[in-house]
Amino acid sequence: MLTDTIVAVATPNGRGGIGIVRLSGPKAMKVASKVVRVKLLRSRTTSYTDFFDAEGNKIDTGLVVFFEAPNSYTGEHVIEMHMHGNPIILGEMVRACCELDVRPARPGEFTERAFRAGKINLLQAEAVADLIAAQSVKAVRSAQNTLEGHFGNAVETLILQTQEIRYQLEAAIDFSDDVGNPDFIPHIFGQHKKLLEGLNSLLVSATQGVKLSEGFKLVIAGPPNAGKSMLLNRLVQSERAIVSPEAGTTRDAINVECRLRDIPVQIIDTAGLREDTESSIEKEGIKRTYAAIEKADLIIYLKDITSMDRVGRDYETDLVTHAKILTVYNKLDKLSETNKVQTESGIYISALSGMGVACLEDAIVEAFDISNHENAEFSARERHLIALKKAINAIDAIEEVSFGSGPELVAEDYREATGALQEIGGEYSTEDLLGDIFSKFCIGK
């Protein structure tokens, strides 16, 4: 049990109608008796009061709420003081509490205490930060689903399955006649295949959850003067990139975060791909284009439809990437009606007029392959993907014959898979990991 009491402003920086100062710890009630003028604080009851510092000087007037342990966010006594949202007033309230043997909270320390008290698991703790940082409705819903336990329940189901298979193997080792049973190996190998299917399915969903939290990377690539910067401006509905008929205008990648059909996306406009440049700056820009392409989740390869008949190298075939490539033909507005014959497969647009851009957005969303089932969405982190891959790698190569010829080795592989899955919910977590996770929270949460 933690013995110190912490305090912090729990509302965002800046001025607002309401500001909240939060206290948590064993001395919360004692401190409250010094700074508020309510004779009896009842749990989960709001009281109107004046707020004072340790010398009795009035700081403000507002509301105070007491949450009695263990029925509070942190599992400790918690006091919330609601006052006018002026940083000076809130700062004075924090200072007054610190003069009464309370210390300022570290970033995320309230949520860390909730985790250590067993109020939430590590997945749910991370979901609190994801919920606060969410940039879209989908991201909000996915974080809420994780906070409600959807991701954790899926992980727990897989843990139970791995443990069940391992227990069967260990029992078979002790009672070797079970291994000789003709039904044992087909039965347990069937469970093994079902478990792998579940792990891989959860990995796909978790990968989507990471993208919903961090945003998809969409790279616009292609030759110079194809209209990449104009397409960027069209997609983000803002003049973010300089548009010019001069080749090589974009020298460095331009990153713009936006929401595309309520999906968080980082759109990256890149330098045009060509070899006939003498500019060292442009060459560096092209080098960075290829670097961006390697990290992309989706690539729009933009071509100028008015120059399709010109002889020149098509760099699209040279792209080395795991990402899907959408081939898009731009400047449809510059063709006459008689020439608007679409002979090449791809998407035809005019970034200038907006013609066809809605169809392009449909293709982008489809390529991201976002689930439409809200309950199937949950927020996730890169560390969750690493743990899931570790669990899969531990048992993926096990063959059916191994369950009979080497059950001891298979059981050890399953022990490793179980440990990897338990890392996700924080059942086995180091202090360094916890410090890294909670340090990224805002102060007061």
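Exactly one residue among GLU156, GLU170 is at pLDDT 90 or above and either touching a Cys at 6+ places or on another chain (Cβ under 9 Å) or not small (Gly, Ala, Ser) (or both), and that residue is GLU156. Of all residues in region 123-164, those satisfying the criterion of being in the same structural domain as GLU408 (by TED's automatic domain parsing), within 26 Å of HIS192 (Cα to Cα) and touching a Phe, Trp or Tyr at 6+ places or on another chain (Cβ under 6 Å) are HIS150, PHE151, THR162. Being surrounded by fewer than 17 Cβ atoms within 10 Å (Cβ to Cβ) and assigned to a helix (DSSP H, G or I) is a condition met by at least one residue of region 391-398. I want to confirm something. Restricting to region 245-258 and keeping residues that are in a strand (DSSP E or B) and more than 15 Å from the chain's Cα centre (by Cα), which single residue is modelled with the lowest pLDDT? Residue satisfying both the conditions and the ranking: ILE254. Sort out which residues of region 67-84 are more than 20 Å from GLY108 (Cβ to Cβ), assigned to a strand (DSSP E or B) and either touching a Lys or Arg at 6+ places or on another chain (Cβ under 7 Å) or of a type in the set (D, E, K, R) (or both), and write them in order of number. Selection gives nothing. Within region 283-305, residues that are among the aromatic types (Phe, Trp, Tyr) reach partners that are surrounded by fewer than 20 Cβ atoms within 10 Å (Cβ to Cβ) and modelled with pLDDT of 80 or more with beta carbons closer than 8 Å, at six or more positions or on different chains, in the pairs TYR301/ILE325; TYR301/LEU326; TYR301/THR327. Restricted to helices (runs of 4 or more DSSP H) entirely inside region 107-160, those with at least 1 residues that are farther than 24 Å from SER201 by Cβ and among the small types (Gly, Ala, Ser) are 109-116, 122-133.
Contact annotation: residue pairs with Cβ atoms under 8 Å, 6 or more positions apart or on different chains, pairing a residue in region 386-410 that is among the aromatic types (Phe, Trp, Tyr) with a partner that is in a helix (DSSP H, G or I) and modelled with pLDDT under 95, are PHE403/LEU169; PHE403/VAL179; PHE403/PHE184; PHE403/ILE185; PHE403/ILE188; PHE403/PHE189; PHE403/HIS192; PHE403/VAL410. A count restricted to region 298-316 and to residues that are within 31 Å of the chain's Cα centre (by Cα) and either exposed (fewer than 11 other Cβ atoms within 10 Å of the Cβ) or at pLDDT below 90 (or both) stands at 1. The criterion of being more than 30 Å from ASP4 (Cβ to Cβ) and either free of Cβ contacts under 8 Å to residues at least 60 places away in the same chain or assigned to a helix (DSSP H, G or I) (or both) holds for LEU169. Just the residues that are surrounded by 14 or more Cβ atoms within 10 Å (Cβ to Cβ) and not in a loop (DSSP other than H, G, I, E, B), please, taken from region 51-63. Selection gives PHE51, PHE52, ILE59, ASP60, GLY62, LEU63.
Residues that are more than 30 Å from GLN124 (Cβ to Cβ) and modelled with pLDDT of 85 or more occur at least once in region 389-397.
Residues checked against (1) among the hydroxyl-bearing types (Ser, Thr, Tyr); (2) under 15 Å from the mean Cα position of the chain (by Cα); (3) closer than 17 Å to ILE370 by Cα:
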residue	(1), (2), (3)
LEU123	no, yes, no
SER136	yes, yes, yes
PHE151	no, yes, yes
VAL155	no, no, no
ARG166	no, no, no
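Working only within region 13-44, note down all residues that are free of Cβ contacts under 8 Å to residues at least 60 places away in the same chain and exposed (fewer than 12 other Cβ atoms within 10 Å of the Cβ). Within region 13-44, LYS39, LEU40, ARG42, ARG44 qualify.
The values are calculated or read from the model by the stated rules, or taken from the named source; none is laboratory data. Bear in mind that the values here come from a model prediction, so they are computed numbers and not experimental data. Neighbour counts run over all protein chains shown; Cβ positions are idealised from the backbone, glycine included.
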